[in-house]
Amino acid sequence: MTSRRMGLRIGVAAVVCGVAVGALGYQWATADDFPDAGAQAAFCRTASPLDLQTAHDMGLHEKHHVLEDLSDRAPDGVRDDFTRLLDWYDHFDPEDEEGARAASFAVGEFIERSCSDINIGGIKAADG
């Protein structure tokens with residue numbers, strides 16, 4: 001399976017899994033968790049290549065590097081999701097697939113909630 005198809009399958013499945021996790025009452029990290037507006041702005045600048053309009057030009061390796069950089073800038077409340085997703089990119093272990101899907105959704109939703117100009121695609125950040 002190509003990395004592009006794998007990424008698409010993970011993204012679609014992440015939406016389904018993420019909705020289920022959200023319905024169970026999981027608390028998402030919010031933009032308020034950044035230490036200040038400057039930290040949030042830097043995070044959003046780093047995340048901008050993941051926008052739906054530009055991400056299709058990126059390879060899996062490039063996306064991985066962006067996610068690593070974002071993980072370093074992310075508030076503690078979402079950092080575990082970044083770690084889980086990055087581990088999945090590194091190892092593609094079928095046993096970790098469900099957790100990676102949930103992490104993918106959580107990361108995508110966090111980015112969309114924190115960075116209003118970014119549309120990840122396949123994610124619909126709910127208000128609240």
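Quick grid of which residues meet (1) touching a Ser or Thr at 6+ places or on another chain (Cβ under 9 Å); (2) of a type in the set (Asp, Glu); (3) closer than 24 Å to Gly38 by Cβ:
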residue	(1), (2), (3)
Leu70	yes, no, yes
Pro75	yes, no, yes
Phe92	no, no, no
Glu97	no, yes, no
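State whether the residues of segment 21-41 include one that is over 17 Å from Ile118 (Cβ atoms), modelled with pLDDT of 90 or more, under 14 Å from the mean Cα position of the chain (by Cα) and among the charged types (D, E, K, R). So far as segment 21-41 goes, no, none of its residues is over 17 Å from Ile118 (Cβ atoms), modelled with pLDDT of 90 or more, under 14 Å from the mean Cα position of the chain (by Cα) and among the charged types (D, E, K, R).
Filtered by the rule that a residue be of a type in the set (Gly, Ala, Ser) and in contact with a Cys (Cβ under 6 Å, 6 or more places away or on another chain), segment 66-123 gives a lone residue, Ala102. So which residues in segment 79-99 are modelled with pLDDT of 85 or more, closer than 20 Å to His61 by Cβ, crowded, with 18+ Cβ neighbours inside 10 Å and out of contact with any Gly (no Cβ under 7 Å at 6 or more places or on another chain)? Result: Phe82, Leu85, Leu86.
Just one of the listed residues (Ala55, Ala41, Ala37) is surrounded by 14 or more Cβ atoms within 10 Å (Cβ to Cβ) and either hydroxyl-bearing (Ser, Thr, Tyr) or at negative phi (or both), and it is Ala55.
Apart from one condition, Ala102 fits all of (1) open to solvent by less than 40 Å² (accessible area, probe 1.4 Å); (2) over 23 Å from Asp33 (Cα atoms); the exception is (2).
The values are calculated or read from the model by the stated rules, or taken from the named source; none is laboratory data. The structure displayed is predicted, hence computed values, not measured ones. All Cβ positions, glycine included, derive from the backbone under ideal geometry; neighbour counts span all protein chains shown. Surface accessibility is based on the protein's heavy atoms, side chains included, excluding ligands, DNA and RNA. Shrake-Rupley method; radii C 1.70, N 1.55, O 1.52, S 1.80 Å.
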